[in-house]
Every structure is written in structure tokens, then in C-alpha cells.
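Colleague: Here it is: the structure, laid out below.
The values are calculated or read from the model by the stated rules, or taken from the named source; none is laboratory data. Note that the coordinates shown come from a computational prediction; the quantities given were computed from them, not determined experimentally. When we count neighbours, we look across all protein chains shown, and the Cβ atoms used for this are built from the backbone with ideal geometry, even at glycine. Ligands, DNA and RNA are excluded from the accessible area calculation, which covers all protein heavy atoms including side chains. Shrake-Rupley method; radii C 1.70, N 1.55, O 1.52, S 1.80 Å.
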Amino acid sequence: MQIQEAHDLLDPTWPQVLIMEDEVSVAKGLGMVLSEEGYNVDLAMTGRSALDTFNQKMFDLLIADLRLPDIDGMEVIKQVKRRRPDTEVLVITGYSTVTTAVEAMKLGASDYLSKPFTEDEFLSAVKGALVTKEFMAADAAATPLEPLPEDSLRLTEVLQQIRQRFTGRQQEVITILQMVQNAVGYIPIEALQQVADFTRMPEAAVYGIATFYERFRLSPVGRHVVKVCRGTACHVKGADKILHEIEHRYKLSPGQTSKDRMFTLETVACFGSCAIAPVVVVDDKVSADMDPDKVGKVMKDLALNDPKFEPR
Amino acid sequence: MDFADLKTQAEREWQWLENPPQPLIQIGTGTCGRASGADKVMESVRKTLKKIQVMARTMEVGCIGMCYLEPLMTLRKRGHPPILYGNLTSAKAADIITRFLLDGDLCLELSICTLGEQSRNGIPRLQDHPMMRTQCRIALRNCGLIDPSNILHYIARGGYQGLSRALQMDGAEVAEVIRKAGLRGRGGAGFPTGLKWELTLKEKAEAKYIVCNADEGDPGAFMDRALLEGDPHSVLEGMLIAAHAIGAAEGFIYVRAEYPLAIARLEKALEQMQRCNLLGKSVLGSKFDFNVHIQEGAGAFVCGEETALMASVQGSRGLPTPKPPYPAQSGLWDKPTCINNVETLSNVSAILENGAEWYAASGTKKSKGTKTFSLAGKIRYTGLIEVPLGTTLKEIVYDIGGGAPNGKKIKGVQTGGPSGGCIPASLFDLTVDYESLAEAGSIMGSGGMVVLDQSTCMVDVARYFLSFTQAESCGKCLPCRLGTHQMLRVLEEICEGRGKPDYLELLRGLSETVQKGSLCGLGQTAPNPVQTTLRYFLDEFDRHITDGKCDAGVCLPLFHYEIDPQLCNGCGLCRRKCSTGAIVGERKEPHFIDQAKCSKCGICLQSCKLEAIGIH
Ligand SMILES: Cc1cc2nc3c(=O)[nH]c(=O)nc-3n(C[C@H](O)[C@H](O)[C@H](O)COP(=O)(O)O)c2cc1C
Ligand code: SF4
Ligand code: FES
């Protein structure tokens with residue numbers, strides 16, 4: 001009865017949880033507690049069925065009993081973590097010893113609970129496990145990032161194109177700098193010198209231009225650039241809260257890049273999509289009608305699909 | 001090919017569109033549409049057509065202006081008026097295509113209106129939709145109806161007719177038509193366009209330039225973007241007409257880099273013009289030669305100002321210079337230059353096509369014609385509209401815009417962006433034209449209208465605009481550079497609850513200094529948002545300073561959320577949504593907020609179905 005009530009509240013954006021537990025009454029009990037809190041819950045009584053379910057669906061959290069009738073719970077965790085490293089794991093065990101717990105944590109479990117536990121203890125452990133998941137990105141880099149080896153290759157290439165396409169008049173300088181930035185992601189110091197040579201302008205003048213215009217950056221950026229609109233329409237519809245959420249969750253301020261080079265956070269005056277405010281643009285794709293929740297999801301998806309993503 | 005042939009071909013193509021032998025599906029793929037998922041809808045439509053094996057054509061169109069309904073799709077099939085569907089998802093689009101094309105089911109529940117003169121089965125016509133009823137579309141005449149990357153569509157709808165007419169007149173005659181039409185610059189200042197052209201024409205020089213200002217710097221405005229994306233040729237035609245009038249052979253379009261789609265559409269349009277003999281040597285066989293360059297901006301608001309814009313086109317930092325000399329005398333490379341806004345130029349092509357009297361018939365005595373506005377903020381129907389000048393704010397906000405969403409009270413509307421001001425709802429009988437908005441302390445500006453409701457804090461709005469202008473000041477003039485900074489600090493202190501009663505006088509004094517001591521429009525108008533909020537919303541400043549309260553729940557230190565135990569039924573929705581764990585309570589018992597943990601993100605306020613959470 002209670003589960004049915006809870007189903008009316010199901011919200012696909014709330015966390016998906018898989019409970020792997022061979023004792024039917026315990027599994028159902030835990031499932032009920034979580035459903036009532038709005039989580040979307042699946043149950044598996046054996047290790048195999050857990051892995052099957054896991055293959056069909058994305059889960060945010062696996063709650064794993066270690067003692068199962070078929071395979072060892074630890075083995076299931078290992079496979080889950082290998083296939084989807086972003087899945088959080090919470091271990092529950094009836095015969096907790098420090099060693100098993102430590103072993104599970106080494107595999108990437110975020111916490112463990114030993115039976116018996118209260119409903120509150122259980123809920124706060126679940127919440128805790130999911131919170132660590134949200135804070136997965138690295139902190140901001142305190143100093144500007146080092147250039148990557150491929151940067152200078154790209155620069156040489158684009159400078160060659162520029163020499164072919166342009167004649168070196170001063171009126172071309174902004175377009176040239178834009179081309180450099182599009183190719184390399186930022187404008188390296190050498191580029192300023194070369195552009196100055198090519199346009200026969202003093203280096204200081206080119207530097208002056210590169211620093212005057214908001215769009216030019218002089219240091220490397222991350223693989224994904226997240227731009228939050230701070231225009232009037234977006235402002236009155238809560239852009240500040242979106243920005244705050246990113247700052248808080250990823251420990252980034254506008255202009256900063258995370259140490260793992262995953263994200264660079266920027267703000268922009270307006271994208272001209274004010275009718276569908278608030279707007280966030282990620283890697284040049286405009287997302288409409290954002291809120292702190294949604295922006296978190298967009299960034300999480302990006303991180304998970306990034307080949308260089310390493311969960312903490 | 002000469003123009004007559006081109007026109008015949010275009011008309012044939014258009015007739016095909018109006019009454020297509022195979023079904024035709026048009027999808028709005030402007031930036032708003034794409035952001036709301038138009039690409040996915042397009043993909044789904046194509047897949048569905050394959051699946052149900054129906055031969056049909058798909059086509060991209062620009063923004064029709066009903067942005068709140070994006071993504072939008074029009075279905076044209078013989079025997080039916082074209083029907084517009086909105087708020088689509090891939091699934092809904094597939095459903096409509098299947099049901100309509102296989103079973104002839106019009107999918108009434110998903111339809112919005114019909115296009116054209118007929119209605120069908122109770123589906124209203126577009127022109128009867130509340131958002132459209134009082135609109136009058138001149139600049140936006142083709143937006144959302146034609147494929148912006150197909151020059152033939154534009155020509156079929158009367159495009160380049162005006163240019164061909166202009167080419168038979170001399171420059172002075174063309175300028176005279178525009179002067180008679182009473183067109184004033186749509187970029188903000190409202191300078192008479194015909195007069196500007198006459199002044200530029202009068203100058204003797206071996207070269208002259210025409211510049212289209214598509215920098216659209218007002219944050220919260222998007223008319224120019226939609227126009228460039230939806231109907232680039234109407235602007236380009238206007239530019240050619242202007243060039244011919246003043247005697248320029250070269251033009252520049254200065255576009256914001258934040259508008260990649262608009263730039264792509266312009267590039268495509270220029271390529272087509274080249275092929276149709278509308279660019280290059282002897283345009284349409286006349287003696288007029290013309291070339292256009294696209295110049296991308298680089299994110300500096302001040303570059304919307306004419307002299308700064310020209311500095312930027314020439315490859316320098318965008319610093320304004322004193323006027324005179326005016327651009328008409330000495331502009332780009334010291335040559336006479338005429339700068340016109342995107343919308344101004346789109347109006348120009350319509351005027352040359354239809355005549356000055358036709359244009360002057362709408363609008364007021366001093367402000368002729370129509371003006372586009374982008375409606376955004378706390379309003380039901382957000383989007384792009386065009387109304388005759390002289391329409392009241394009330395009509396725009398309530399009739400066209402549908403008032404505030406979810407029954408909130410509208411506090412006012414911000415017009416003119418950082419150079420404009422906030423007009424309170426009590427003055428909504430004001431007509432929208434250059435003079436009356438200026439009298440109210442705001443400006444018409446380029447057409448951004450951001451509607452503010454009771455959950456907007458006016459002190460915060462003033463602070464917001466100052467933070468914008470302070471960051472965008474080029475730094476050349478001391479009053480602008482330091483004055484805006486000082487004003488911002490004062491406003492920040494008020495928002496943080498550290499305001500003192502004499503701050504208001506301080507703000508008024510600083511406003512005057514910045515206004516009088518600044519060189520360019522940015523500085524001169526930067527105090528406007530502060531002055532209008534002080535004038536119309538003084539009580540909110542008082543509440544912040546005297547009582548330390550922000551009733552709108554925006555200035556973080558000046559409010560907190562509380563759950564009303566009488567109203568709360570303990571459903572726990574807010575507790576689950578709260579990311580800081582600040583909400584506690586037993587199931588089915590009233591909940592409480594632990595103020596120490598609360599980050600005031602406001603998610604609980606949105607999640608509570610019983611409105612039990614209040615701002616205190
Ligand atoms: C700070 C500042 C920003 C401006 N931004 C724009 C803009 O984004 N777009 C625009 O068309 N005009 C803008 N203008 C107005 C232009 O300087 C100029 O008046 C206009 O482009 C002239 O065209 P019009 O006569 O067709 O309106 C701005 C003016 C100032 C002072
Ligand atoms: S008023 Fe401000 S923006 Fe304009 S020139 Fe002076 S400092 Fe620059
Ligand atoms: S205000 Fe954010 S897109 Fe314009």
C-alpha cells in the first residue's frame with residue numbers, strides 16, 4: 001500500500017538505487033524506506049540478477065550485501081565499478097569486520113553499514129553516498145594551467161592558415177586572434193608575438209586588444225567550457241543560483257578551470273535566448289530553462305562521457 | 001540571370017510551398033528552437049517519415065516569435081490549412097506525423113493555430129492568438145515563415161523589390177523616401193534615418209562606408225538575433241539600399257560572437273546574393289557596386305557605441321571618441337560612414353517595397369512605424385513581438401504577453417537595458433514611443449523588455465545593472481570608471497544590509513556626476529536604472545536600509561525562509577529536495593528549517609505544493 005502511494009511521487013530525475021540483498025524481508029523493507037523518500041528502487045536477490053539489472057539500466061547507487069547465495073558480493077562490486085565507475089556503492093553486512101569493510105572501500109565503496117542499523121542511519125548513509133557522487137570534480141587550479149604539448153602544434157597550423165588567408169592589415173587583427181583562440185582554445189603568449197609581427201603592430205597593442213575584449217583568454221581552458229548567462233532575463237530568473245550551484249559543487253569561480261582540466265567556468269553577458277531563460281551554454285550547445293538541479297545533471301553527464309574522466 | 005527571371009522562379013517555388021504536392025513539415029530551428037530541442041524533433045520527424053513510408057519534405061524556418069512554445073512545427077498538407085504545433089518532444093512530433101499523415105487526424109490537442117486565413121475544426125488562426133492579435137509585423141514580416149537560407153523564399157515574398165526600385169532613383173531620392181516614412185533608428189537613440197543618410201550623402205569623399213550594427217549588447221534583448229537568423233536578406237537588402245543612398249561601395253556587419261547561428265545565416269545569404277548578382281560589380285545590372293564584410297565582435301558592450309564600434313572594425317581596442325566629428329563626416333578610416341541598426345535596415349527594405357505613406361500610416365506623430373520587442377522575464381508568453389509605436393505597455397505586458405505566470409503580481413518592466421530604466425506597473429498606460437519612455441526616465445532602447453514581478457527585488461535589479469556597466473566601462477573617463485564602481489559599492493552595501501539612510505542622497509549625487517561627466521552613451525546613461533528605481537521603488541530601498549528586509553527574497557542576508565506549521569502537512573517533499581539537509585521533521589508532522597544549515601537556494605519554496613514556505 002505504502003509503496004503504491006510512493007509510486008505516485010516517482011520522479012525520474014531522482015536517484016536510481018539498486019538493492020542487492022538475499023533476505024527478502026530485509027530487501028523489501030529497505031526498498032520501501034527508500035521509495036518513500038522518493039528514490040527509484042530496484043531489488044535483486046542474487047549477485048547474478050543484480051549484474052543483469054545493472055546491465056539494463058543506469059544506477060546512481062548500489063546497496064550491496066556481501067553475502068549472497070551465488071557469487072561473492074565483493075566480486076559484484078568489482079564488476080560494477082569496472083563497468084560504470086561513477087556508480088556509488090554502499091555496503092551492508094551482517095558480519096562486519098574491519099578487513100572486509102576496508103577491502104570494499106578499496107574497491108570504491110563510499111561507506112558501509114553493519115547490521116543491525118536504524119532507518120535513520122540507513123537513510124543518512126544513502127544520502128551521504130550520493131553526496132560524494134555529486135562532488136566528484138576536482139578543485140579549481142590555483143595557478144594557470146600549463147599548456148599542453150598539442151597546443152603549440154595547433155598554433156603552428158592555424159598561424160599557417162592565417163598567413164595564407166590574411167594580408168596582415170591591422171583591421172584583421174581581431175579576426176586573427178579569434179581564429180587562434182578557436183583553434184587552440186586560448187591565445188598563447190607566442191601567438192601574440194607572431195600576430196604582432198604579421199600585422200606589423202607593436203606587441204603591446206596586440207596585447208592591449210587581447211585583454212580589452214572579454215572573449216579572449218590568455219591561458220588554457222578545460223575540455224568543457226560551461227558558460228552561464230548573466231543577462232537581465234536570466235538574472236531575474238535565478239541565474240545567480242545556477243552559478244552558485246556550480247561554484248559550490250565543483251569549487252570553481254568564473255574564469256577558473258578544474259585541476260583535472262574537465263571544466264572551465266565562464267559567464268557571458270547574454271546569448272540572446274532570453275525568452276527561454278535561464279540559459280547555460282556548454283561547449284556551444286544552449287540549454288534552456290535551467291535550474292541548479294538541471295545544470296548539475298548536464299555537467300555530470302559530460303564528465304561521465306569524457307574519456308579522461310577519473311572518479312575520485 | 002536578371003531580376004525578373006529570379007522573381008518568376010521564386011514565385012513558382014513559393015506556390016509549391018503554399019500548396020505542396022507532398023506534405024511539408026517546417027520546423028523552427030532558430031537558437032531558441034534548437035535550445036528547446038528542435039534538432040531532436042527534426043530527427044524524429046525524418047525517422048518517422050521513413051518508418052511510415054510517406055514522401056514528405058522537411059524545411060527549416062526561423063523564429064516566429066512564440067519562444068515559450070518552442071520547439072514549433074508547421075504541417076502543410078493539401079486540403080488543410082497549415083497547422084502549427086508547439087511544445088514538442090520527439091515523441092509528440094512522431095505521434096503527430098503518424099496520425100496526421102496516415103489517418104488524417106489533425107491532433108487537435110497538440111495544435112496551437114492555423115497559418116493563413118482559414119481555421120479548421122476549432123483551431124484558431126495565428127492572427128487570433130492572444131499573443132499575435134495586436135501585432136503588426138513589418139521588420140519581422142518573414143520570420144518563421146520562410147527558409148532563411150533560401151533567397152528565393154525572400155524574393156517570392158517581395159524581397160529585393162525595394163532595392164530594384166531604389167536603384168532607379170538617385171541617392172537623395174532614396175533618402176527622401178525614408179525621411180518621409182518617418183523612420184527613426186531602432187538601435188536606441190531614435191535618430192531620423194533619412195536625415196542621417198542625407199548628412200552622409202552630402203559629404204564629398206572618394207570612399208564611404210555603411211555599417212550594420214548587429215552587436216545587440218543589451219543583455220535581455222534578442223530582436224536582432226532573431227531577425228538575422230530568421231530573415232537575413234531583409235537586413236542585407238536594407239543595407240544595399242542604404243549604401244546606394246549614401247554612395248558607399250563597401251559595408252561591414254558587426255555581429256556579436258555570441259550569435260554563431262546568425263553569423264552562419266549571414267554568410268550563407270551573402271553567398272547566395274553573390275550568385276544572384278546582388279553583390280559585387282554592377283548590382284542587378286545597375287552602376288552600383290557593393291561588397292559586405294562580416295566582422296565578429298569579441299564581447300565588449302561598449303562596442304555597440306558607434307565610435308567604439310568603428311575603432312573595433314579597424315582593429316583597435318573599442319574606445320569611444322568624442323563627437324563631433326560625427327561618423328557621417330569622419331568615420332571608418334576617416335571616411336564618411338553611416339551606422340544603422342539591424343532592425344532599422346529591415347524596415348528600410350520594407351519601406352522601399354511598399355512606400356513611405358504605407359509605413360507612416362502606423363505609429364504616432366513623432367514615432368512612425370512599428371517596433372520589435374523581446375519579451376522576457378516574469379511573463380507568460382515570452383518571445384519576440386512587433387507592435388505599432390504608441391501601443392501601451394499594458395497591451396504589451398498583459399494582452400500580448402499574457403501577464404505574469406502563476407498568478408503573481410507584476411511589479412514593472414525594464415526597458416532599454418543598462419541604459420534604460422524600470423517602469424512601475426502603475427504607469428502601464430504609458431505608450432511606447434521614444435518621447436514618453438524618456439519622460440518616464442527610461443529609454444526605448446533597442447527593444448528589450450524584461451518583466452519583473454513580486455519575486456524581483458528592485459534594489460537588486462539596480463545593483464545588477466550597475467555591476468554590468470561597471471564591468472563594461474571602457475575606463476577612458478574617470479566619472480564613468482570610478483563613479484559606476486562607487487555606485488555599485490553603495491548598492492552592494494544596501495543589498496547586504498549595511499546601507500545607511502544617507503546612501504540614497506549619495507547615489508543621487510553620484511548618478512548626476514556620472515551622467516554629466518561621461519563621454520559616451522554608456523556612461524551617460526549608466527545611472528538610469530538606479531535613478532528610475534529610486535524614483536518609483538523608493539519604499540524598497542527604505543525597507544532594505546531601515547528594516548533590513550528584502551521582501552522579494554533575493555538579497556540573501558536580508559531574509560530567511562520559514563515553514564508555516566499551520567499549512568505544512570509533513571509531506572516531506574522539501575526535505576528530500578534540500579541539498580544541505582536543512583529541513584527536518586517527522587513524516588506527517590510540520591517540518592522546520594534549520595537556519596544555520598540553510599543556503600537559501602529556494603528549492604523548497606518551489607517544491608512545496610501547499611505554499612507553506614514563506615519569506616520572512
Ligand atoms: C553603450 C552603447 C551601446 C550600444 N549598443 C548598441 C547595439 O548593441 N546595437 C545597436 O544597434 N545600437 C547600439 N547603440 C546605439 C549606436 O551607437 C547607434 O546609435 C546605432 O547603431 C545607430 O543606428 P540606428 O540609427 O539605426 O539606430 C549603442 C549605444 C551605446 C552608447
Ligand atoms: S563614458 Fe565610460 S564607456 Fe564611455 S568612453 Fe567614457 S569611460 Fe568609456
Ligand atoms: S539574458 Fe540570458 S540569454 Fe539573454
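Colleague: Please state the shape class of segment A:149-212: rounded when a/c is under 1.5, otherwise prolate if a/b exceeds b/c and oblate if not, all from the C-alpha gyration tensor.
Modeller: Because a/c hits 1.5 or more and a/b fails to exceed b/c, segment A:149-212 counts as oblate.
Colleague: Now for a separate question. Measure nothing fancy, just the Cα-based angle from helix A:173-184's long axis to the longest principal axis of chain A, in degrees from 0 to 90, nearest 10.
Modeller: The two axes meet at around 30 degrees.
Colleague: If you don't mind, there's one more thing I want to ask. Using a 1.4 Å probe on protein heavy atoms only, how many Å² of accessible area do B and A hide from each other, summed over both chains and rounded to 100?
Modeller: Using a 1.4 Å probe, the pair buries roughly 4100 Å².
Colleague: In whole Å, what is the distance between the alpha-carbon centres of segment A:173-227 and segment B:195-250?
Modeller: If we compute the Cα centre of each part, the gap is 29 Å.
Colleague: Taking accessible area as the heavy-atom solvent-accessible surface of the protein chains with a 1.4 Å probe, which residues of segment A:166-191 lose no less than 30 Å² upon going from the isolated chain to the full protein assembly?
Modeller: A:170, A:171, A:174, A:178
Colleague: Mind checking the mean number of beta-carbon atoms from other chains within 10 Å of the Cβ atoms in B:295-304?
Modeller: Across B:295-304, the average partner-chain Cβ count within 10 Å equals 4.
Colleague: For a test of the definition: using alpha carbon positions, the gyration tensor, and the 1.5 limit on a/c, classify the protein assembly as shown as rounded, prolate or oblate.
Modeller: Taking the square roots of the gyration eigenvalues as a ≥ b ≥ c, the protein assembly as shown is prolate.
Colleague: Among B:366-373, B:492-499, A:271-278, B:262-269, what's the highest-first ranking by average C-beta atoms within 10 angstrom per residue?
Modeller: A:271-278, B:366-373, B:262-269, B:492-499
Colleague: Show A:74, A:58, B:55 ordered by accessible area, largest first, where the area counts protein heavy atoms only and the probe is 1.4 Å.
Modeller: Most to least solvent-accessible, the answer reads B:55, A:58, A:74.
Colleague: Another question about this same structure. I'd like to check one number: the per residue accessible area of segment A:224-305, probe 1.4 Å, reported in Å² as a whole number.
Modeller: Here the residues of segment A:224-305 average 34 Å² of exposed surface.
Colleague: Give me the dipole magnitude in Debye, nearest 20, for the protein assembly as shown about the Cα centre, with unit charges on the beta carbon: positive for Lys and Arg, negative for Asp and Glu.
Modeller: That gives a dipole near 1600 debye.
Colleague: With labels modelled as points extended 7 Å from the Cα through the Cβ direction, what inter-label distance (nm, one decimal) is found for residue A:305 paired with residue B:168?
Modeller: 5.6 nm
Colleague: Nearest 20 debye, what's the magnitude of the dipole of chain B about its Cα centre given +1 on Lys and Arg Cβ and -1 on Asp and Glu Cβ?
Modeller: It comes to approximately 860 debye.
Colleague: Taking K and R as +1 and D and E as -1, what net charge do the other residues with C-beta under 13 Å from the C-beta of residue B:195 add up to?
Modeller: Cβ neighbours under 13 Å give a net charge of +3.
Colleague: Under a Cβ-Cβ cut-off of 9 Å, what is the net charge of the residues other than residue B:522 that fall near it, where Lys and Arg count +1 and Asp and Glu count -1?
Modeller: After counting each charged neighbour, the total is -2.
Colleague: Summing -39500 (n - 2.57) over the DSSP H runs of n ≥ 4 in chain B and dividing by its residue number, what mean residue ellipticity at 222 nm do you reach, to the nearest 500 deg cm²/dmol?
Modeller: One gets -11000 deg cm²/dmol as the mean residue ellipticity at 222 nm.
Colleague: Hey, any idea what % of chain A's accessible area is carbon plus sulfur with a 1.4 Å probe?
Modeller: Using a 1.4 Å probe with all protein chains present, chain A comes out at 52 percent carbon and sulfur.
Colleague: Who wins for biggest fluctuation among A:59, A:212, A:122 in a Gaussian network model of chain A, springs between alpha carbons below 10 Å?
Modeller: Maximum fluctuation in the GNM of chain A, among the listed residues, is at A:212.
Colleague: From the square roots a ≥ b ≥ c of the eigenvalues of the alpha-carbon gyration tensor of chain B, which class results: rounded (a/c under 1.5), prolate (a/b over b/c), or oblate?
Modeller: Because a/c hits 1.5 or more and a/b fails to exceed b/c, chain B counts as oblate.
Colleague: Less than 12 Å Cβ to Cβ from residue B:371, Lys/Arg counted +1 and Asp/Glu -1: what total charge do the surrounding residues give?
Modeller: It works out to a net charge of +1.
Colleague: Oh, and also: Report the charge-dipole magnitude of segment B:370-456 in Debye, nearest 20, computed about the Cα centre from +1 at each Lys and Arg Cβ and -1 at each Asp and Glu Cβ.
Modeller: 420 debye
Colleague: Here's something else I'd like to know. Along the charge dipole of chain B, Cβ charges K/R +1 and D/E -1, which of B:419, B:557, B:84 sits furthest on the positive end?
Modeller: B:84
Colleague: Computing the accessible area with a 1.4 Å probe over protein heavy atoms, can you report the carbon and sulfur percentage for segment B:193-289?
Modeller: Answer for segment B:193-289 is 52 percent, counting heavy atoms of protein chains only.
Colleague: Please give the length that would be gained between residue B:594 and residue B:289 if that part of the chain were fully extended, namely 0.36 nm times their separation in residues minus their C-alpha to C-alpha distance (nm, one decimal).
Modeller: Extra length available between residue B:594 and residue B:289 comes to 102.6 nm.
Colleague: What does the accessible area of residue B:306 come to, in Å² to the nearest 10, when a probe of 1.4 Å is used?
Modeller: Its heavy atoms expose roughly 40 Å² to the probe.
Colleague: Threshold 20 Å², probe 1.4 Å: give the residues of segment B:587-604, in number order, that are less accessible with all protein chains present than with their chain alone.
Modeller: Residues meeting the cut-off: B:587, B:601, B:603.
Colleague: Which of the residues in segment A:262-277 lose at least 30 Å² of accessible area when you go from the chain alone to all protein chains together (probe 1.4 Å)?
Modeller: Residues losing area: A:269, A:270, A:271, A:272, A:274, A:275, A:276.
Colleague: How far is helix A:24-36 tilted off the main Cα axis of chain A, in degrees rounded to 10, range 0 to 90?
Modeller: With rounding to tens, the tilt is 40 degrees.
Colleague: If R0 is 45 Å, what FRET efficiency do you get for residue B:357 and residue A:57 from their C-beta distance, rounded to 0.05?
Modeller: Efficiency, from the Cβ-Cβ distance: 0.10.
Colleague: If you don't mind, there's one more thing I want to ask. Any idea what angle helix A:73-83 forms with the longest principal axis of chain A, computed on alpha-carbon atoms, 0 to 90 degrees, nearest 10?
Modeller: Roughly 20 degrees between the two axes.
Colleague: With labels modelled as points extended 7 Å from the Cα through the Cβ direction, what inter-label distance (nm, one decimal) is found for residue B:512 paired with residue B:478?
Modeller: Output for this residue pair reads 1.9 nm.
Colleague: Given B:491, B:479, B:533, which one lies farthest toward the positive end of the charge dipole of segment B:459-547, if we put +1 on the Cβ of every Lys and Arg and -1 on the Cβ of every Asp and Glu?
Modeller: B:479
Colleague: Could you order B:47, B:597 so the one with the most accessible surface comes first? Probe is 1.4 Å.
Modeller: B:47, B:597
Colleague: Also, I was wondering about something else. Which lysines, on any chain, are close to residue B:204 with Cα under 18 Å apart, when same-chain ones fewer than 8 places away are left out?
Modeller: Straight-line reach from residue B:204, under 18 Å: B:196, B:335.
Colleague: Just list whichever of A:57/B:588; A:127/A:251; B:323/B:371; B:371/B:408; B:500/B:577; B:180/B:323 have alpha carbons separated by over 29 Å in the model shown.
Modeller: A:57/B:588; B:500/B:577
Colleague: How would A:24, A:298 rank on accessible area, largest to smallest, probe 1.4 Å?
Modeller: A:24, A:298
Colleague: Before I look further, what does chain B give for accessible area per residue, probe 1.4 Å, in whole square angstrom?
Modeller: Accessible area per residue, chain B: 38 Å².
Colleague: Follow-up question, since we're still on this one. What is the percent carbon and sulfur in the accessible area of segment B:560-615, measuring with a 1.4 Å probe over the protein chains and ignoring ligands?
Modeller: 53 percent
Colleague: When the helix-only estimate is applied to chain A (DSSP H runs of n ≥ 4, each -39,500 (n - 2.57), divided by the residue count), what is the mean residue ellipticity at 222 nm, nearest 500 deg cm²/dmol?
Modeller: -14500 deg cm²/dmol
Colleague: How much accessible area does residue A:91 have with a 1.4 Å probe, in Å² rounded to the nearest 10?
Modeller: Estimated to the nearest 10 Å², residue A:91 gives 0 Å².
Colleague: Using a 7 Å offset from the Cα along the Cα-to-Cβ direction at both residue B:109 and residue A:120, what is the distance between the two label points in nm, to one decimal?
Modeller: That separation, rounded to one decimal, is 4.7 nm.
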